[in-house]
Amino acid sequence: MFSDTDRLIRHAQIILPDGDSLLGDVQIRQGKIARIAEAIAPEAGDDVLDAQGLTMFPGVVDPQVHFREPGLEYKEDLFTATCACARGGVTSFLEMPNTRPLTTTQAILDDKLKLASQKCLVNYGFFMGATAENLPDLREANPSCGIKIFMGSAHGALLVSTEAEIEPIFAEGTRLIAVHAEDQQRIRDRRQQFQGITDPVIHSTIQDRKAALNATQLALKLSKKYQRRLHILHLSTGDEAELLRQDKPAWVTTEVTPQHLLLNETAYEKIGTLAQMNPPLRTAKDNKILWQALKDGVIDFIATDHAPHTLEEKAKGYPNSPSGMPGVETSLAVMLTQAKEGKCSYAQIANWMSAKPAEAYQIPNKGKIKEGYDADLVLVDLENYHPVLREEVVSKCGWNPFEGWNLTGWARYTIVGGQVAFDRGTINTEVRGKALKFG
Ligand code: DOR
């Protein structure tokens, strides 16, 4: 029953791509949305799901996650991460190359794709990482992957931080380049300057707004010089948003995380190193400017940068604690709670968390509730509230930065290619997603 992909979902409040909503039914045939109408009669063999009282959104497409497999499975793995996706209503993800070995060749990427086909409950795609030496690998890589450049905040071969190293990557090829934009030299100098300070609040001063702005400016400059498709990952400062408002070529996109919209430096007082991430949390003023930029379309969409580390690692204390926080399990409910409180509309959430990332990464047939599209859907409850509780966290890391937040819009059902991966609290671990075409 669980894995059947012919089904009829009835009586849902359906968020449609044009921004309207319809109280009606969705017929699914062979994993695709076959029909959307006010009332559709069940046919023989239809598995009928009564969604009375629930709102249907397109499944979330999370285009920036770190799922740690292979090599760092003690933090997370593709199975536990995608169980967390199922709970969170995330039906597709694009994953970053800082696993072990680093994803820097097609052979390593192929191994990851194979692992994913065996372990992922939701649809998957992977970035290849740029190094100072792997231009030939990037050139020959399968067309269906993106290139990630860590301009800062990375260790070892994945760090490509100088203009001389970065420019050849922009100069060659046409596929999309996604950048983690922080100025590594500036971070190095400031680490030196603030050495010995163990209050994690210093993290936002060391990896400051200028470090972010410098790198974003450099990436923009190179993208313009070569007219190269560029995506700027996790924008953290109002300064970058204002720069992009003045100067954003049509081929450039950017994103923001829920935590950069909703948390700021005051979070260190409450959750200490759990608030430590790269780029760091900023100020309440930055939160406000980022929100406005998202609403105005300067920022194109939302990604979580799900980057789990264990509580033991986080307990090492600053600066020995690693940067990063999980996100896929709570991103949709966190954002829908904002919508419920009137900060934005439900249609905007569907756009920012599903349609726009699918469009920017050219993922076909994803991100919209539309006939002919893949039946990747999430049915959420916008009537009830439930807090984020540590004991309920599915991600292997076992914690969440939004613990204690009382949220509405939790997924009741998550549907991946017509299969029910999450059913009112139960994860169907048999469901498997498919490889995404993107780039
Ligand atoms: O805080 C972060 N942690 N930011 C990133 O972009 C990557 C990351 C990680 O992999 O832990």
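Would you work out the relative contact order for the chain, in percent, from Cα pairs under 8 angstrom that are 6 or more residues apart?
Numbers: 1083 pairs, mean separation 99.9, N = 439.
Relative CO of the chain lands at 23 percent.
By the scheme Lys and Arg +1, Asp and Glu -1, what is the net charge of all other residues having a beta-carbon under 9 Å from that of Ala358?
Numbers: positive: Lys356, Lys366, Lys368; negative: Glu359.
My count for the surroundings of Ala358 gives +2.
Multiply the residue separation of Lys225 and Thr162 by 0.36 nm, subtract the distance between their alpha-carbon atoms, and state the gained length in nm to one decimal. Before the final figure, lay out the partial values.
Values: separation 63, 0.36 × 63 = 22.68 nm, distance 1.64 nm.
Answer, rounded to one decimal: 21.0 nm.
What is the dipole size for the stretch 31-113, taken about its Cα centre, with +1 at each Lys and Arg Cβ and -1 at each Asp and Glu Cβ, in debye to the nearest 20? Please report the intermediate quantities before stating the final value.
Details: 7 positive and 13 negative charges, 61 e Å.
That gives a dipole near 300 debye.
How far is helix 78-88 tilted off the main Cα axis of the chain, in degrees rounded to 10, range 0 to 90?
60 degrees
Rounded to the nearest 500, what is the 222 nm mean residue ellipticity of the chain from helices alone, with -39500 (n - 2.57) per DSSP H run of 4+ residues and division by all residues? Write out the running numbers ahead of the final one.
Numbers: 15 runs with 128 residues, N = 439.
Taking each H run of at least 4 residues, the total per residue is -8000 deg cm²/dmol.
List the lysines whose Cα lies under 22 Å from the Cα of Lys221, skipping any in the same chain that are fewer than 8 positions away.
Lys148, Lys210, Lys248
Which trypsin sites (Lys or Arg not before Pro) in the stretch 346-432 sit in a loop by DSSP (not H, G, I, E or B) and have at most 11 other Cβ atoms within 10 Å of their own Cβ?
Arg424
Neighbouring Cβ atoms within 10 Å as the yardstick, rank Cys145, Cys120 fewest first. It would help to have the intermediate numbers written out before the result.
Details: Cys145 24, Cys120 27.
If I rank by nearby Cβ atoms, fewest first, I get Cys145, Cys120.
Quick one: 3J(HN,Hα) in Hz for the stretch 162-176, Karplus 6.51/-1.76/1.60 with θ = phi - 60°, rounded, Gly and Pro as x.
Taking θ as phi minus 60°, the curve returns 9, 4, 4, 7, 6, 4, x, 6, 5, 6, 10, x, 10, 5, 5 Hz for the stretch 162-176.
Check each of the chymotrypsin sites (Phe, Trp or Tyr not before Pro) in the stretch 214-318 and keep only those in coil by DSSP with at most 14 other C-beta atoms within 10 angstrom; list them in order.
Details: sites: Tyr226, Trp251, Tyr268, Trp291, Phe301; in loops: Trp251.
Passing both the DSSP loop test and the Cβ count: Trp251.
With a Förster radius of 35 Å, plug the Cβ-Cβ distance of Arg139 and Gln292 into 1/(1 + (r/R0)^6) and report the FRET value to the nearest 0.05.
Details: r = 40 Å, r/R0 = 1.13.
The value I calculate is 0.30.
Determine the percent antiparallel among the DSSP beta bridges restricted to the chain, to the nearest 5. Intermediate values should be presented prior to the final figure.
On the way: 31 of 63 bridges.
Expressed as a percentage, antiparallel bridges in the chain total about 50.
Leaving out same-chain residues fewer than 8 places away, which aspartates and glutamates sit with a Cα under 17 Å from that of Lys114?
Excluding near neighbours in sequence, the set is Glu69, Glu73, Asp77, Glu95, Glu430.
If the chain between Ala171 and Gln106 were fully stretched, how many nm would it gain, using 0.36 nm times the residue separation less the Cα-Cα distance?
Details: separation 65, 0.36 × 65 = 23.40 nm, distance 2.04 nm.
That works out to 21.4 nm of additional length.
Could you give the nm distance between label points at Asn406 and Thr429, where each point is 7 Å from its Cα heading toward the beta carbon?
The two pseudo-label positions are separated by 3.4 nm.
Grab every C-alpha pair in the stretch 272-355, bin the distances at 5 angstrom width from 0 up to the longest one, and report whole percents.
Using 5 Å bins, I get a P(r) of 3, 13, 19, 22, 18, 12, 8, 4, 0 for the stretch 272-355.
What nm distance separates the two modelled labels at Leu311 and Glu242, each placed 7 Å from Cα along Cα→Cβ?
Each label point is offset 7 Å from its Cα along the Cβ direction, giving 4.1 nm.
Under 10 Å from the Cβ of Arg424, count the other residues' Cβ atoms, weight Lys and Arg +1, Asp and Glu -1, and hand me the total. Spell out each step's value before the answer.
Numbers: positive: Arg412; negative: Asp381, Asp423.
Within the 10 Å Cβ shell, the charges total -1.
Taking the alpha-carbon distance from Lys285 and a cut-off under 19 Å, which aspartates and glutamates remain once sequence neighbours fewer than 8 residues away in the same chain are dropped?
Filter leaves Asp208, Asp239, Glu240, Glu242, Glu255, Glu265, Glu269, Asp296.
Rounded to a whole number of µm²/s, how large is the Stokes-Einstein D of the stretch 145-185 at 25 °C and 0.890 mPa s, given Rh as the Kirkwood radius over C-alpha pairs?
Values: Rh = 10.5 Å.
The calculation lands on 234 µm²/s.
With 10 angstrom as the radius, rank Asp50, Asp77, Asp376 by how many other C-beta atoms surround their C-beta, starting from the fewest.
With the sparsest Cβ surroundings first, the list reads Asp50, Asp77, Asp376.
Once the piece of chain linking Tyr385 and Ala41 is laid out straight, how much longer is it, given 0.36 nm per residue of separation minus the C-alpha distance between them? List each step's numbers first, then the result.
Numbers: separation 344, 0.36 × 344 = 123.84 nm, distance 3.25 nm.
Here the answer is 120.6 nm.
Loop-only trypsin sites (Lys or Arg not before Pro) in the stretch 250-355, please: DSSP not H, G, I, E or B, and at most 15 other Cβ atoms within 10 Å. Walk me through the numbers before you get to the answer.
Values: sites: Lys270, Arg282, Lys285, Lys288, Lys295, Lys314, Lys316, Lys340, Lys343; in loops: Arg282, Lys316, Lys343.
Taking the stretch 250-355 and a limit of 15 other Cβ atoms within 10 Å, the loop trypsin sites (Lys or Arg not before Pro) found are Lys316, Lys343.
Report, in debye and to the nearest 20, how large the dipole of the chain comes out about its Cα centre when Lys and Arg carry +1 and Asp and Glu carry -1 on their Cβ.
Values: 48 positive and 56 negative charges, 153 e Å.
Magnitude of the dipole: close to 740 debye.
When every alpha-carbon pair in the stretch 209-323 is counted, what percent end up more than 25 Å apart?
For the stretch 209-323, the fraction of Cα-Cα distances above 25 Å is 25 percent.
Taking the Cβ of each residue in Val388, Val26 as the centre, tally the other Cβ atoms inside 10 Å and list the residues starting with the fewest.
Numbers: Val388 20, Val26 26.
Ordered from fewest to most neighbouring Cβ atoms within 10 Å, Val388, Val26 come out as Val388, Val26.
Once the Cα gyration tensor of the chain is found, what semi-axes does its equivalent ellipsoid get, as square roots of 5 times the eigenvalues, in whole Å, sorted largest first? Could you put the intermediate results ahead of the total?
Values: eigenvalues 232, 111, 86 Å².
Sorted largest first and rounded, they come to 34, 24, 21 Å.
Bear in mind these aren't lab numbers, they're just calculated from the coordinates by the rules spelled out. What you see is a predicted model, and the numbers here were worked out from it, not measured in a lab. Because the Cβ atoms are built from the backbone with ideal geometry, glycine has one as well, and the counts that use them run over all protein chains shown.
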